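Below is one structure, written out as structure tokens; the observations come after it.
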Amino acid sequence: MEIIFDGIKKAFILISNLNSEVSDVTLLSIKVSGIATIVSVFFGILIGAFLALTNFPGRRILVALVNTGMGVPPVVVGLVITMFLWRNGPFGFLEILYTPWAIILAQILIATPIVSGITLAGIQHVPGKLKIQIKALGATRIQFVLLLLRETRFSLFAATMAGFGGVISEVGASMMVGGNIKGYTRVLTTATVLETSRGNFDMAMALSVILFCLTFIINQLLTFVQQRERRK
Amino acid sequence: MQSSKKSLVFFFLFFTIQLYFSCSYTLASKKGPVIFVTTTSVYDSGLLEELIPLFEREKGYVVKTIAVGSGQAIVLGKRKEADILLVHSPEEEKEFMVKGFGSRRRTIMYNYFVVVGPKNDPCGITTTRTAKEALRKIAERKCIFLSRGDNSGTHMVEKRLWSEIGIDPSKENWYQETGQGMGLTLKMAFDKGAYTLSDSATYLIFSKALKTNLSFVKDERLLNIYSVLEVKPSMSGRSNPDGARALSDFLISDRIQRIIGNFGKDKYGSSLFIPCARKKMELEKWR
């Protein structure tokens with residue numbers, strides 16, 4: 001119990017002192033997971049909308065793949081990407097293993113299926129009559145898709161939050177492809193693992209508190225945007 | 001809706017550009033990054049965070065330090081995914097050199113292995129003098145023993161010790177594999193009241209972190225020797241043999257050896273690693 005309180009206390013001390021190492025790690029977490037989430041939201045909505053609105057042989061398999069992708073352990077994604085990015089691997093020439101870009105790439109692959117899956121479910125949930133109505137009013141194909149996305153914006157926000165939650169909290173892939181290099185690829189989750197294995201349990205607890213607060217604030221912002229129409 | 005979209009795009013562009021420049025700044029060195037794969041026990045001690053920045057500042061290389069178990073480190077070296085290794089698994093290191101994967105192997109420091117157990121010591125290991133006797137006692141009395149089970153250097157030594165005393169514990173139910181690093185295995189041993197084999201550095205760090213005294217047997221003849229291995233460069237030309245050589249030379253230099261010898265004295269009461277780059281012959285006698 002003592003360690004937990006020490007940790008919470010330490011978290012507030014670290015935040016109020018603007019400890020440079022901790023703020024660097026926190027900022028990198030925000031940047032990496034923020035960029036990864038935005039890219040995944042873009043591709044995820046495209047894929048989700050495409051799968052929801054088209055019909056072709058093999059579509060169900062793709063949907064099943066997306067749904068499976070929602071549950072693939074990050075460490076598996078990390079392992080596969082590491083092997084591809086090894087300098088003697090097929091994409092070794094890129095020389096991005098053990099850089100923040102490798103973490104972003106891994107996180108995009110983790111979050112895209114999550115966003116796609118929720119978008120897909122959201123669009124399919126729109127009543128069929130509404131779709132007919134939009135078409136009947138003479139909407140072009142692009143207008144049709146944009147209107148549907150507008151109708152499903154609550155799901156899209158939920159998808160964004162789930163995607164962000166998935167990547168900010170993931171540790172396996174970041175550890176493998178980033179290498180947890182101090183001041184370069186160390187993010188909040190990998191720093192927490194390291195401090196735990198060093199026996200600095202209060203520091204690990206403090207980092208966890210910061211991670212929780214950060215996730216809470218960002219979800220609070222997204223929820224605020226999502227819910228603001230309800231109050232009108 | 002419109003303003004939130006704009007702010008998203010802004011966030012994306014701003015951070016991507018900023019991250020791009022901060023990365024290229026970090027890697028601005030013309031000498032190219034050195035991939036330094038190290039064993040977790042050294043990394044977790046914090047020693048490298050003192051030495052590596054010195055090396056980077058003085059020699060102008062950027063070092064990417066990756067902490068993994070010795071087993072994985074050696075495999076990464078064989079695949080030429082690393083430029084230089086810091087490991088403590090002498091048998092595997094010799095094989096690595098004999099098979100021509102490495103260009104040079106140098107011993108830089110050592111400490112001891114300790115058999116660690118709960119404070120009240122139900123198996124009575126403190127009455128023994130060597131690690132082998134302690135392990136035999138644990139097996140006789142069937143006390144719970146935690147094995148790393150991860151092919152790390154410590155795990156290799158543990159397996160060797162069991163086979164040397166002619167006991168195969170792998171099927172016994174008092175023998176459990178944690179699959180965790182040394183620190184967390186010690187923590188688990190502490191929580192479960194179990195025994196385990198540890199290097200003396202991690203043991204010192206964790207007995208301080210857990211604010212407890214564990215019973216232990218320090219085997220003066222069971223040395224835990226750390227070596228640096230320079231990996232032979234690969235054909236692809238993406239290796240950095242010059243950086244590896246520079247780092248290896250740096251680690252055995254007198255000044256750095258002195259820093260290693262003093263590391264941890266203030267915090268743990270005794271040094272965590274004993275430098276030995278200059279007394280290799282002496283160590284060979286011990287083995």
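Read-outs throughout are calculated quantities, based only on the coordinates presented, and are distinct from any laboratory measurement. Nothing here was measured: the structure is a model prediction, and the numbers come from that model. Ideal geometry is used to build each Cβ from the backbone, glycine not excepted, and the neighbour counts take in all protein chains shown.
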Relative counts (whole %) of C-alpha pair distances in segment B:128-271, using bins that are 5 Å wide
2, 8, 15, 17, 17, 13, 11, 9, 6, 3, 1, 0
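In debye, nearest 20: dipole of segment B:25-128 around its Cα centre with unit charges on the Cβ of K, R (+) and D, E (-)?
I would put it at about 520 debye.
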In whole Å, largest first, the alpha carbons of the protein assembly as shown cover along the principal axes 90, 53, 51
Nearest-0.05 FRET efficiency for A:Leu62 and B:Lys218, computed from C-beta distance (R0 56 Å)
0.40
Rank the residues B:Thr196, A:Thr37 as a footprinting-exposure proxy: fewest other Cβ atoms within 10 Å of their Cβ go first.
B:Thr196, A:Thr37
Any idea how far apart B:Arg160 and B:Glu91 come out in nm if each label point goes 7 Å out from Cα toward Cβ?
0.7 nm
Restricting things to Cα coordinates, could you compute the convex hull volume per residue of segment A:1-77 in Å³?
148 Å³
Between segment B:98-142 and segment A:163-232, the Cα center-to-center distance that results, in Å:
38 Å
Of the convex hull drawn through the C-alpha atoms of segment B:47-201, the volume per residue in Å³ is 135 Å³
Provide the three semi-axes, in whole Å and in decreasing order, of the ellipsoid equivalent to segment A:30-110 as defined by the square roots of 5 times the Cα gyration tensor eigenvalues.
27, 16, 11
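When a footprinting reagent is the concern and you count Cβ atoms within 10 Å, what order do B:Tyr43, B:Tyr195, B:Tyr20 take, fewest first?
The fewest-first ordering by Cβ neighbours comes to B:Tyr20, B:Tyr43, B:Tyr195.
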B:Val63, B:Val37 arranged by Cβ crowding within 10 Å, fewest neighbours leading
B:Val63, B:Val37
FRET efficiency for A:Met1 and A:Leu221, using Cβ-Cβ distance with R0 set to 30 Å, rounded to 0.05:
0.40
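In cubic angstrom, how much convex hull volume per residue do the alpha carbon atoms of chain A span?
Working: hull volume 36.8 nm³, N = 232.
Taking the convex hull of the Cα positions in chain A, it is 159 Å³ per residue.
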